[in-house]
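Reading through the structure tokens given below for one structure.
The values are calculated or read from the model by the stated rules, or taken from the named source; none is laboratory data. For clarity, every value in this text was computed on a predicted model and none was experimentally measured. Virtual Cβ from ideal backbone geometry, glycine too; neighbours counted across all protein chains shown. Heavy atoms of the whole protein, side chains included, go into the accessibility calculation; ligands, DNA and RNA do not. Shrake-Rupley method; radii C 1.70, N 1.55, O 1.52, S 1.80 Å.
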Amino acid sequence: QVRLVESGGGLVEAGGSLRLSCAVSGDMFSFNAMGWYRQAPGKQRESVAVITGGGTTNYAHSVKGRFTISRDDAKNTVALQMNNLKPDDTAVYYCHAASGPLNYWGRGTQVTVSS
């Protein structure tokens, strides 16, 4: 059974940094892509960053240059380093994994950026 558990969210001032981590149960090599999504109040869930099994990364335009996604297959974790945070980054952040047609989600972690 696949489980994704996020950690590392919290309250930070604008310009600050946070590092989110996603602990993955299951074989990470079975996932063709892993990533982070976020959902702000009243808005749709959006993709923030994706990393493929081969290590290719893709970022939302709004976070490019500020956020970095990485994966550690030995530790079964996926991380999102977030720098120069802005109030618009406030949202619940979800870890996601895709294996063929199957999609797995964590329960989310709250990130709040104060101005």
statement: the chain, Gaussian network, Cα under 10 Å: of Ala74, Ala91, Ala33, the residue fluctuating most is Ala74
message: I'd like the accessible area for Thr112: 1.4 Å probe, protein heavy atoms, all chains in place, Å² to the nearest 10.
response: 50 Å²
Whole-Hz ³J(HN,Hα) from phi, Karplus 6.51 cos²θ - 1.76 cosθ + 1.60, for the stretch 26-32, glycine and proline x: x, 7, 5, 5, 7, 8, 7
task: At 7 Å along the Cα-to-beta-carbon direction for both Ser70 and Ala40, put a label point, then send me their distance in nm to one decimal.
output: 2.8 nm
query: Which residues in the stretch 24-68 have a backbone N closer than 12 Å to a point placed 7 Å from the Cα of Asn83 along the Cα-to-Cβ line?
result: 65-68
message: Spelling out what I want: for every residue of the stretch 104-115, take phi, set θ = phi - 60°, compute 6.51 cos²θ - 1.76 cosθ + 1.60 (Karplus), and round to whole Hz; glycine and proline get x.
response: 10, 10, x, 8, x, 9, 7, 10, 10, 10, 8, 8
query: Applying the Karplus parametrisation 6.51 cos²θ - 1.76 cosθ + 1.60 with θ = phi - 60° to the phi angles of the stretch 89-96, what ³J(HN,Hα) value in whole Hz is obtained for each residue in order, glycine and proline being reported as x?
result: 7, 4, 4, 8, 9, 10, 8, 9
message: Let me spell out the model: positive unit charges on the Cβ of Lys and Arg, negative unit charges on the Cβ of Asp and Glu, origin at the Cα centre of the chain. What dipole size does that give, in debye rounded to 20?
response: 100 debye
Signed unit charges on C-beta, dipole axis of the chain, positive-most listed residue Ser25, Ser7, Thr112: Thr112
message: Taking the solvent-accessible surface of protein heavy atoms with a 1.4 Å probe, what is the per residue accessible area of the chain in Å²?
response: 54 Å²
